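Please treat every number below as a calculation from the coordinates, not as lab data. All of these numbers come straight from a predicted model, not from anything done at the bench. Every residue, glycine as well, gets a Cβ built from its backbone with ideal geometry; the counts of neighbours run over all protein chains shown.
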Amino acid sequence: MNTLPWLDPSRAESLLQQLGQRILVLDGAMGTMIQRHDLQEADYRGERFVDGYDRIERGDGDGTGHDQKGNNDLLSLTRPELIRDIHAAYLEAGADLVETNTFNSTAISLADYHLQHLVRELNREGARLAREACTAAQADTPERPRFAIGVLGPTSRTASISPDVNDPGFRAVDFDELVAIYREAAEGLAEGGADALMVETVFDTLNAKAALFAIEATFDGLGARLPVMISGTITDASGRTLSGQTAEAFWYSLRHARPLSIGLNCALGAKELRPHVEALSGVAECHVSAHPNAGLPNAFGEYDETPEDMAETLREFAQSGLLNIVGGCCGTTPDHIRAIAAAVEGLPPRRLPETMEAAA
């Protein structure tokens, strides 16, 4: 595997070079920043969906209205300037890597909004907006490359677990279905100019395997590849993913993909995530990432951990040699990323095992 040439050799080589020199900073939460704008249904619809359907795709007089409020990925089409500005705010705060606004841009997730036909376009435009923001930021600081990370979210279905307690053998989705929906999304991200692809917030390793299979099929179709990143999520104090794996088992299940990085994000705050990142760091033969939530959610579903507190905790991660990439997930803002970037600046990145260094 991984024998195809890079889709953009200069960008891939630059990313690898930067990872060898310092801890790279990932951005924070997209949803948290969107929520600050208190958007209403009309904001999500824009002009294209103003009458309750997609004029461009379906034509006037066809289609039924469906609520779009909360469909954050749709804003890449209806409010692109808002998404671009959020990327820019994270880049200004010190992020080296920004994630595309595509967490739910798969046919499964978009089915909730009856917009499955927009998968490829949403991924393409999400990648384009992130790439544009990175290009603008790098123009101001050419000595510091910035990278657009194409995000493939977990979907709302699991291939490993039955959603029906009365029928444990039932599955709401199968491997082949997941491969098809992930390939469509991955192709859009590649078209839009993503510098790398990240299979993110993995709660079911079988879903991740389908995503990685789809990514490889996408690369075969292109005749070239992008760096691939993986980030799982530990769902509770048991220290396991929803499908029952420890951090170590998660790595060994996916190491065949030879990812650029593997890490953990979401669900837990940095302090709670620390032992699991340490476990992953002890076995992974690639770069290790962590982008935790801003603490655990409170009774109102909000996140209370301050930028200073979060930065202090993640600085200890770095000082202990656990990290190559660090950022934030739910509840984090540019203020969090600015504090984290300052906290890890100048600290050496985690050393790769010799087997990985020899293969790089």
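Applying 1/(1 + (r/R0)^6) with R0 = 22 Å to the Cβ-Cβ distance of Trp6 and Arg258, what FRET efficiency is obtained, to the nearest 0.05? Mind showing how you got there, number by number?
Numbers: r = 14 Å, r/R0 = 0.63.
Plugging the Cβ-Cβ distance into 1/(1 + (r/R0)^6) gives 0.95.
Pull out a ≥ b ≥ c, the square roots of the eigenvalues of the alpha-carbon gyration tensor of the stretch 207-302, then state rounded if a/c is under 1.5, prolate if not and a/b is larger than b/c, and oblate in the remaining case.
Because a/c hits 1.5 or more and a/b exceeds b/c, the stretch 207-302 counts as prolate.
Report the chymotrypsin sites (Phe, Trp or Tyr not before Pro) located in the stretch 116-214 that are in a DSSP loop and have at most 13 other Cβ atoms inside 10 Å of their Cβ, or state none.
Listed in order of number, the matching sites are Phe170.
Ratio of alpha-carbon Rg to the 2.2 N^0.38 Å globular estimate for the stretch 1-51, to two decimals, please.
Working it through for the stretch 1-51, the quotient is 1.98.
What net charge is computed for the residues neighbouring Asp112, neighbours being all others with C-beta under 14 Å from the C-beta of Asp112, Lys and Arg scored +1, Asp and Glu -1?
Every neighbour counted, the sum reads 0.
If you stretched the chain out fully between Glu143 and Asp176, how much longer would it get, using 0.36 nm times the residue separation minus the C-alpha to C-alpha distance?
7.6 nm
Can you list residues from other chains, or at least 5 along the same chain, whose modelled amide H is less than 5 Å from the amide H of Ser156?
Ser109
Using the count of nearby Cβ atoms within 10 Å as a rough guide to exposure, how do Cys134, Cys329 rank from fewest to most?
On the way: Cys134 25, Cys329 32.
Listed from fewest to most nearby Cβ atoms, that is Cys134, Cys329.
What does the charge add up to near Ala196, with Lys and Arg as +1, Asp and Glu as -1, over the other residues with Cβ less than 13 Å from its Cβ?
Computed value for this residue: -2.
Using each residue's phi in the stretch 28-39, evaluate 6.51 cos²θ - 1.76 cosθ + 1.60 at θ = phi - 60° and report the 3J(HN,Hα) Karplus result to the nearest Hz, with x for Gly and Pro.
x, 6, 6, x, 4, 6, 5, 4, 5, 8, 6, 6
Hey, can you grab everything whose amide H is under 5 Å from the amide H of Ser162? Only 5+ residues off in sequence or another chain; H modelled, so Pro and N-termini drop out.
none
Just going by the charge dipole of the chain, with Lys and Arg at +1 and Asp and Glu at -1 on Cβ, which of Ala267, Leu115, Pro80 is farthest out on the positive end?
With unit charges placed on the Cβ atoms, the residue in question is Ala267.
Lys/Arg Cβ at +1, Asp/Glu Cβ at -1, dipole of the chain taken about the Cα centre: which of Leu242, Val283, Leu197 is farthest positive-ward?
Val283
Would you kindly state the longest site-free stretch of the chain, with sites defined as GluC sites (Glu not before Pro) in a DSSP loop (not H, G, I, E, B) surrounded by at most 13 other Cβ atoms within 10 Å?
Within the chain, the longest run free of exposed GluC sites (Glu not before Pro) spans 144-301.
Dipole size in debye (nearest 20) for the chain around its Cα centre, Lys and Arg Cβ +1, Asp and Glu Cβ -1?
Details: 30 positive and 54 negative charges, 159 e Å.
It comes to approximately 760 debye.
Divide by every residue of the chain the summed helix terms, -39500 (n - 2.57) for each DSSP H run of at least 4, and state the resulting mean residue ellipticity at 222 nm, rounded to the nearest 500 deg cm²/dmol.
-13500 deg cm²/dmol
Please report, in debye to the nearest 20, how large the charge dipole of the stretch 160-239 is about its Cα centre when each Lys and Arg carries +1 at its beta carbon and each Asp and Glu carries -1 there.
Value, rounded to 20: 200 debye.
Quick one: Karplus J couplings for the stretch 81-98, per residue in order, coefficients 6.51, -1.76, 1.60, θ = phi - 60°, nearest Hz, x for Gly and Pro?
Those phi angles translate into 5, 5, 5, 4, 5, 5, 4, 4, 5, 5, 5, 5, 6, x, 6, 8, 10, 10 Hz.
Compute the Cα gyration tensor for the chain, then decide on rounded, prolate or oblate, letting a ≥ b ≥ c be the square roots of its eigenvalues: rounded whenever a/c is under 1.5, prolate when a/b is larger than b/c in the other cases, and oblate in all that remain.
rounded
Once phi is turned into ³J(HN,Hα) by the Karplus curve 6.51 cos²θ - 1.76 cosθ + 1.60 with θ = phi - 60°, what whole-Hz value does each residue of the stretch 165-179 show in order, with x for glycine and proline?
So the Karplus estimates, Gly and Pro as x, are 5, 8, 9, x, x, 6, 10, 7, 7, 10, 4, 5, 4, 4, 4 Hz.
Is the shape of the stretch 243-360 rounded, prolate or oblate, going by the alpha carbon gyration tensor and its root eigenvalues a ≥ b ≥ c, with a/c under 1.5 for rounded and a/b larger than b/c for prolate?
oblate
About its Cα centre, what dipole magnitude does the stretch 246-299 give when the only charges are +1 on Lys and Arg Cβ and -1 on Asp and Glu Cβ, stated in debye to the nearest 20?
Numbers: 4 positive and 4 negative charges, 17 e Å.
Magnitude of the dipole: close to 80 debye.
Just add up the charged neighbours of Ala311: K/R +1, D/E -1, any other residue whose Cβ is under 13 Å from the Cβ of Ala311.
Neighbourhood net charge equals -4.
Check which residues have an amide H placed less than 5 Å from Val151's amide H, if you skip close sequence neighbours.
For Val151, the qualifying residues are Thr100, Thr102, Met198.
May I ask you to list the chymotrypsin sites (Phe, Trp or Tyr not before Pro) in the stretch 230-315 that are in a DSSP loop and have at most 16 other Cβ atoms within 10 Å of their Cβ?
Hits after loop and neighbour filter: Phe300.
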